[in-house]
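A quick write-up on the structure given underneath.
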Amino acid sequence: MAPALRLLLAFLAIGSCIAADNIDLWPMPQSVSHGTQKLYIKKDITMSMVGSTYSDEKSILKDAFQRMVDLITLNHVVDGTNPSSSVLTCVNIVVHTPEDELSFGADESYNLTVPTTGDPLYAQIQAQTVFGALQALQTFSQLCYFDFTSRLIGLNSAPWIITDRPRFPYRGLLIDTARHYLPVKIIKGVIDAMAYSKLNVLHWHIVDEQSFPIEIPSYPKLWNGSYSYSERYTTSDAIDIVRYAEKRGVNVLAEIDVPGHARSWGVGYPSLWPSESCREPLDVSKNFTFEVINGILSDFSKIFKFKFVHLGGDEVNTSCWTTTPHIEGWLNNNHMNVSDAYRDFVLRSQKIAISHGYDIINWEETFNSFGDKLDPRTVVHNWLGEDVAPKVVAAGHRCIVSNQDKWYLDHLDASWEGFYMNEPLKGINDTKQHQLVIGGEVCMWGEEIDASDIQQTIWPRAAAAAERLWTPIEKLANDTRFVTSRLARFRCLLNQRGVAAAPLAGYGRASPSEPGPCVRQ
């Protein structure tokens, strides 16, 4: 069946029930009730913090509120006259704890009420942390729309009572700046769209065999491996990206993929290569290799404050180690084969990361090869197949799910329906092990995307996964036809906010197939 026809049939099947319920929020909150009254948003709506114990010294809430006000206008000129009644004049935000440092597992729950009575009339947000309040503001922004009759911002179906919290603490999106450089502005645009969708971890796959674009003060020649002089990130750029993300409730997870995927390291420091003719994996026999890793992670610890660092460990072809005489000699002297050396490299790198205060994430090959030797704090990142996560949690390790057949965005034949239906807990029957799956991540590998098309390749498919990771499992649809209309509206909202999200009808990065309204594309 053609994608456009499939989308049309889905709308015909469920359009009437969606229209009747009027809940077009994405992702769907834990609990929602609403009425039938229309309100207007005062043109100069204000924020208050009456009853809050949070001081907002960093202006996290103040800035978020202003962003929300800017968003709900959708760049229209709001020049109508405020009516005398049914006007929401203020949003009062009560945050119950003073903490303003974003950490893994931060409480993102919130309660949002929009009443129809009161003088003055104001919405109320209650949250344990400022980061829960940020999620509430995202939800509130989706309740608002530009009313072309009154030329004001409207809000339908009040009163609203919404109680919400995320299902998983880790809701990630990977970007890859090694295969194609992404300008800082593009990265920030991705972060904005993540916040709209309630994703909360930007996994930054910074370097790989093709390029090393980031400045490392401890080893300043490393970024000689960048594609060009202009395709680089200074440490100040990285700090700026991290701060930008944190103010939007998004953690930044940095990755260096070792010992494979590291050919670019040797452009600045050729001794990291096994030899001039055999350039990866990194030379396991030299202490200098681990001194460089230590320097990178030391510098990272001053930039990337997230609890975790990703050390890769996947797709390691060790043939260079056995064909390079000095490494072969080192293996023999240490009574190791290449499998032993691979294990030794990963474990030694883990110890370095731990010494800098990090918990470690490794791709699943490390678990598949020597899972019983991994540090107990290791989070195993599953990507090859859906049968691995049950084995990981049975062994007592935490797990992130990114199985490539469902959650790899560079697979353009992977439909949004597959993204929505991919269940991270599949095959894990022991409920005590469920908490070891800390979440999931969709991956935007960069071989065939750059700044020109990254957003339409990510969205709306990543948003489909975002609902899977946020919404309680009992509220998730068992048939994607029942969410098609709502996701289509969210995709249109992303477009209106300047995010180039592709149509639902089609696979990744699809184009509109014919003229028509946004929600039917």
If we keep only residues of the stretch 164-223 that are among the β-branched types (V, I, T) and over 21 Å from W383 (Cα atoms), then the residue most open to solvent (accessible area, probe 1.4 Å) is I186
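Yes/no matrix, rows are residues, columns are (1) of a type in the set (S, T, N, Q); (2) modelled with pLDDT under 95; (3) assigned to a helix (DSSP H, G or I):
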position: S452; (1), (2), (3): yes, no, no
position: T457; (1), (2), (3): yes, no, yes
position: A466; (1), (2), (3): no, no, yes
position: E514; (1), (2), (3): no, yes, no
Take R279 and tell me if it is open to solvent by 40 Å² or more (accessible area, probe 1.4 Å) and in contact with a helix residue (DSSP H, G or I) (Cβ under 7 Å, 6 or more places away or on another chain).
yes
Would you check if E101 is open to solvent by 60 Å² or more (accessible area, probe 1.4 Å), over 21 Å from T139 (Cα atoms), assigned by the TED database to the domain that holds L134 and out of contact with any Asp or Glu (no Cβ under 8 Å at 6 or more places or on another chain)?
yes
Counted residues, the stretch 364-416 - those being assigned to a helix (DSSP H, G or I) and over 18 Å from L436 (Cβ atoms)
9
Here the qualifying pairs (Cβ atoms under 8 Å; residues six or more apart or on different chains; first in the stretch 505-521 and aromatic (F, W, Y); second surrounded by 15 or more Cβ atoms within 10 Å (Cβ to Cβ)) come out as Y507/P3; Y507/L412; Y507/A414; Y507/S415
Sole exception among (1) under 24 Å from V252 (Cβ atoms); (2) part of a loop (DSSP other than H, G, I, E, B); (3) open to solvent by 10 Å² or more (accessible area, probe 1.4 Å) for E423, by number:
(1)
Does any residue in the stretch 433-450 that is in the same structural domain as A395 (by the TED database) come within less than 7 Å, Cβ to Cβ, of a residue that is part of a helix (DSSP H, G or I) and open to solvent by 50 Å² or more (accessible area, probe 1.4 Å) six or more places away or on a different chain, and which pairs are these?
Q433/A394
Might you check whether a residue that is at pLDDT 95 or above, farther than 30 Å from K307 by Cβ, part of a loop (DSSP other than H, G, I, E, B) and open to solvent by 10 Å² or more (accessible area, probe 1.4 Å) occurs anywhere in the stretch 31-44?
no
Of the conditions (1) open to solvent by 30 Å² or more (accessible area, probe 1.4 Å); (2) modelled with pLDDT of 95 or more, V499 clears all except one; give me its number.
(1)
So which pairs qualify, if the first residue must be in the stretch 230-246 and within 17 Å of A193 (Cα to Cα), the second must be open to solvent by less than 50 Å² (accessible area, probe 1.4 Å) and assigned to a helix (DSSP H, G or I), the Cβ gap must be under 8 Å, and the two must be at least 6 apart or on different chains?
I241/V184; I241/I187; I241/K188; I241/I191; Y244/K188; Y244/I191; A245/I191
In the stretch 462-478, residues that are of a type outside the set (S, T, N, Q) and open to solvent by 10 Å² or more (accessible area, probe 1.4 Å) total 7
Those residues that are in contact with a Lys or Arg (Cβ under 8 Å, 6 or more places away or on another chain) and β-branched (V, I, T), I need them from the stretch 52-96; list them, please.
I60, V77, V78, V87, T89
Could you check the stretch 45-85 and list, in sequence order, the residues that are open to solvent by 40 Å² or more (accessible area, probe 1.4 Å) and hydroxyl-bearing (S, T, Y)?
T46, T53, S55, T81, S84, S85
List the pairs whose first member sits in the stretch 186-201 and is assigned by the TED database to the domain that holds V250, whose second member is of a type in the set (S, T, Y) and part of a helix (DSSP H, G or I), and whose Cβ atoms are under 7 Å apart, counting only residues at least 6 apart or on separate chains?
K188/Y244; I191/Y244
Could you tell me whether the stretch 303-319 includes any residue that is in contact with a helix residue (DSSP H, G or I) (Cβ under 6 Å, 6 or more places away or on another chain), over 15 Å from I206 (Cβ atoms), part of a helix (DSSP H, G or I) and hydrophobic (A, V, I, L, M, F, W, C)?
no
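The values are calculated or read from the model by the stated rules, or taken from the named source; none is laboratory data. Owing to the predicted nature of the structure, the values given are computational and were not obtained by experimental measurement. Counting neighbours? That spans all protein chains shown, and the Cβs are built from the backbone with ideal geometry, glycine included. Each accessible area value is taken on the protein alone, full model and side chains, heavy atoms only, with ligands, DNA and RNA left out. Shrake-Rupley method; radii C 1.70, N 1.55, O 1.52, S 1.80 Å.
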